[in-house]
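Data block below; observations after.
Coordinate-derived values only; no laboratory data. A quick note: this is a predicted structure, and the numbers were derived from the prediction, not measured. A quick note on method: Cβ atoms are made from the backbone with ideal geometry, for glycine too, and the neighbour counts reach across all protein chains shown.
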Amino acid sequence: MWKRVGFTALALASCLMVASMGRAAQVHAAFNQPGNFVVADQFNNRIIEIDSGHHIVWSFGSGEAQLCNPGPGTIIGANDAERFGTFTMMAGTGVPPNTIPEMPAGCVDNRVIIVNQAGQIVWQYGSAGVTGSDFNQLNTPVCDVFLPNNDVLITDQGNERIIEVTHSHNIVWQYGMNGVMGAGFNQLNNPNCAELLANGHILIADENNNRVIEVTRDRRIVWSYGEPENKSILNGAAFASRLPNGNTLITDSGNARVLEITPAHQIAWSYSTKSRPGSIAMPLPTRAIRLETGLTLISDQFNHQVIEVDRGGHIVFAQGQVGVPGNTFDKLYGPYDAKAVGDYTGLTPP
C-alpha cells in the first residue's frame, strides 16, 4: 500500500529555495482526507480534490477551458496529479491545437510542478510555454511520480522518453531516445506513463506502440504485453500499474476498457467504459487505479466522468455527468487522471 508523509527535510529545503508564489489554491477544512479523490480535470485546466459527497475541497488552476496562461498559479491541460503529504505534484501537459473548441490554437505548458496546500509552487521542472529536450526542458509531459529517493520520474511524451530527474534538475536515468519514435531497443512511441516497481524496474505504458513494457535500469525489456501492430490486444496503452498480486492493471484506451493481466498474459478482469449507460462511442479512458478497497478508480476521459467500479462492473461512485462537459462542482471536462488520497497502490512503497 502506498502512503507517504511528504518530502524529507533536505528535499523540502531544496524545494523551498526555488519556491515561487502562485495564485492561492482554494483550501477547505476537509483538505487531504484519506479517501478523497485528486482529479486532473484536463480541459478545465485545474486539479481538484473532491470528497465522497462530491464537494470540491481544494483546487489549483483556472477552471476555465479557454484560458492559455501557464504560470505560477495555473496549470494547462493537466494530465496527472499525485498527492504526497500535503504536497500535490502535477503535469502541465498543455493542449494541442484543434483539441477542444474553446482553445482552437492550443496552448503550451510543458511543466511538472509541486505545489503546497496554499497553491505555492515549491518545485518545478520545465519552463512555462517552452518546448525542448535540453536541461530543464520538456515536451508534453503526461505523467509524473515522486520516487522514494526524492527524484521525480517524468513521462516526457513529445520527447519520446522517460526521465528520472533530481531536485537540482539533473537527469540521472533515461529510457527512450530524444525525439526518436520506434519499438526497438531503447525506443518508445508516445509513452503515456511510467512507474517504479519493487524490483527496481520501470513499468511503461508505451501508448502508440500498443504495449506495456517492464524495463531494467540497463534498458532491457523483461516483460511486455501487447504488440505494436495488433490493436486487438491493446489499442493505445494509456496507463499501467503493477498490483500487489503481481498482475498488471492496464488502461486500453482505444478499446475503451480496463484490463487486469496476469504475468502469463491472461485476462483476470476487464471493464468496458463504452458499454455503460450513456457512454459515447469512443470515451478513451485514460487511467485506472486499483484501490485498497478492491474497487477500481477510472478516469473515463471523454465521458467526462471519474467512476469507481466493483469487480462485478457496477459503478459505486461517479463524479461528473456522463457525456456532459462542464466546470461546475458536479461536472468535469476530459478528466485524465484520478487518485485517492493515501491510496495509490500502483507505486512501489518506499
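Can you list the aspartates and glutamates whose alpha carbon sits under 19 Å from that of Lys274, skipping same-chain ones fewer than 8 residues off?
Leaving aside aspartates and glutamates fewer than 8 places away in the same chain, those within reach of Lys274 are Asp252, Glu260, Asp300, Glu308, Asp310, Asp337.
Would you mind computing, in nm to one decimal, how far apart the modelled labels at Leu243 and Ser52 are, each placed 7 Å from Cα along Cα→Cβ?
2.3 nm
Cα convex hull of the stretch 114-240: how many Å³ per residue?
Roughly 113 Å³ of hull volume per residue.
Of the labelled options [x] -0.24, -0.93; [y] -0.46, -1.13; [z] -0.32, -1.08, which one gives log10 I(q)/I(0) by the Debye sum over Cα atoms at q = 0.07, 0.13 Å⁻¹ as computed for this structure?
Only one listed value fits the structure, namely [x].
Trp223's amide H: which non-local residues (gap 5+, or another chain) put their own amide H closer than 5 Å, with H modeled 1.01 Å from N in plane and none for Pro or chain starts?
Glu214
For Lys331, go through the aspartates and glutamates and keep the ones whose alpha-carbon is under 12 Å away, minus same-chain ones fewer than eight residues off.
Asp41
Can you show me the helix-derived [θ] at 222 nm for the chain, built from DSSP H runs with n ≥ 4 at -39,500 (n - 2.57) apiece and divided by the number of residues, rounded to the nearest 500.
That comes out to -500 deg cm²/dmol.
Which order do Thr86, Thr273 fall in if you start with the one that has the fewest other Cβ atoms within 10 Å?
Starting with the residue having the fewest Cβ neighbours, the order is Thr86, Thr273.
What FRET efficiency would be calculated for the residue pair Val324, Leu67, taking the C-beta separation as r and a Förster radius of 30 Å, to the nearest 0.05?
With R0 = 30 Å, the Cβ-Cβ based efficiency is 0.90.
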